[in-house]
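Asks: Once you've had a glance at the structure underneath, I'll fire off some questions.
Each value in this text was obtained by applying a stated rule to the coordinates, not by laboratory testing. None of these values were measured; they are calculated from a predicted model. All Cβ positions, glycine included, derive from the backbone under ideal geometry; neighbour counts span all protein chains shown.
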Amino acid sequence: MNSDPENTYDIVIIGAGPAGLSFACCLAGTDLKIVMVERSPLEILENPPEDGRDIALTHSSEQALKDLGMWDDFPEDQLGLIREAKVLNGRSAYVLHFDSAKTSADYLGHLVPNYIIRRAAYNSVKDCKNISIIAGVEVLDVTTNITEGSVTLSDGRTLHSKLVIAADSRFSTTRKKMGIGAQMQDFGRVVIVCEMTHTKPHNNTAFECFHYDQTLAILPMYGDKSSVVVTLPADKSDRLLAMSPTEFAADIQRRFGAQLGDMTLVTKLHPYPLIGVYADKFVTTRFALMGDAAVGMHPVTAHGFNLGLKGARTLASEIKAALANGTDIGAASVLGRYQAKHRRVARPLYVGTNALVKLFTDTTVPGRILRGAALRLGNILPPVKSRIVQQLTEIDV
């Protein structure tokens, strides 16, 4: 290991988003010396801006966040509750219905704004003695060998560590620098997210409406407010983004059949390109990918952060086991176990989600027929329906 003690660490984490911060929090209080490198300024980490994204947390993620001490940092008036979920196809009145009353839990999940999660994750590590954060700098280069990893920063410093973790988004530049390829699925679509209030109650029900020209998801937030997610072809997104707040609200209200009464846009419209990513491998010599850098999910099943949190906990668990056994935390055997476990969980979700998206965005006549049949099968076959609920919520049914 390099002899420069000031810039020598056990772990360097590139990217201080929710997944990277959650991973660091899992290792808080250990004897490991950890540094996080984030290109955004510290002010953004302390007070993340509202970005329109709202995260549907599974029961497993909720428990993990409680264990990490983050849950108590969520304001109660920002916690949406999902008790039911309904899936609609085109103009059909038929609904695939999921109801928490038919499960072992009181609800299917919670809906929490992404910026709230980011802020809570930062607060959970900011005062940890073994974790430091270098903000407002770029990573210029990353290299590893059998003894250490080196991370060169834009401020002239070079950090050395036993292990380097990349958690810097699905478009990870670190992944590329380390020569790891990725399968990239460009859906040719844009997702536009925002929040809207309405005059009728949502009754804690989430809706996923697969219309033939675009997909509309309406997810219950606290009070008479919902998270609205519109997915449409990229070449049609500019028209929607150019609408005035009143025009946009009227369009969503019409598409949803005024089921929530009069609707009002209360945030900006935030567009995001839809690109799925699955890294060819999650680890290499003294290096591991985490969060969206490993797997960037389509948002239709809301598994992005949930999967990233699961991966963070899996890798942290392997590292803690290595510490307990006196094993090198950057050893190939340690990283290999993380990769094997996380890929077993991530691969079926990634492939299954992409197949679901392909089916429900197929506007051909055979595709529409198959979509309708899939919804009916989901309702009339209890084992299928139970499996879907278990996958999406991680509760026993």
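Asks: Anything in region 55-75 that is without any contact (Cβ under 8 Å) to a residue 60 or more places away in the chain and more than 17 Å from GLY29 (Cα to Cα)? List them, or say none.
Replies: Across region 55-75, the qualifying residues are GLU62, GLN63, TRP71, ASP72, ASP73, PHE74, PRO75.
Asks: When you look at GLU84, is it farther than 18 Å from LEU315 by Cα and either in contact with a helix residue (DSSP H, G or I) (Cβ under 9 Å, 6 or more places away or on another chain) or aliphatic (A, V, I, L, M) (or both), yes or no?
Replies: yes
Asks: Which residues, taken from region 294-343, are part of a loop (DSSP other than H, G, I, E, B) and over 23 Å from the mean Cα position of the chain (by Cα)?
Replies: The first filter runs over region 294-343 and keeps only residues part of a loop (DSSP other than H, G, I, E, B), leaving 294, 297-298, 302-303, 326-331.
Within region 294-343, GLY326, THR327, ASP328, ILE329, GLY330, ALA331 meet the criteria.
Asks: Among strands (runs of 3 or more DSSP E) lying entirely in region 1-72, which contain 1 or more residues that are within 30 Å of ALA85 (Cβ to Cβ) and of a type in the set (A, V, I, L, M)?
Replies: 54-57
Asks: Now, a different point. So how many residues does region 127-178 have that are surrounded by fewer than 16 Cβ atoms within 10 Å (Cβ to Cβ), over 24 Å from the mean Cα position of the chain (by Cα) and of a type in the set (D, E, K, R)?
Replies: So the answer is 5.
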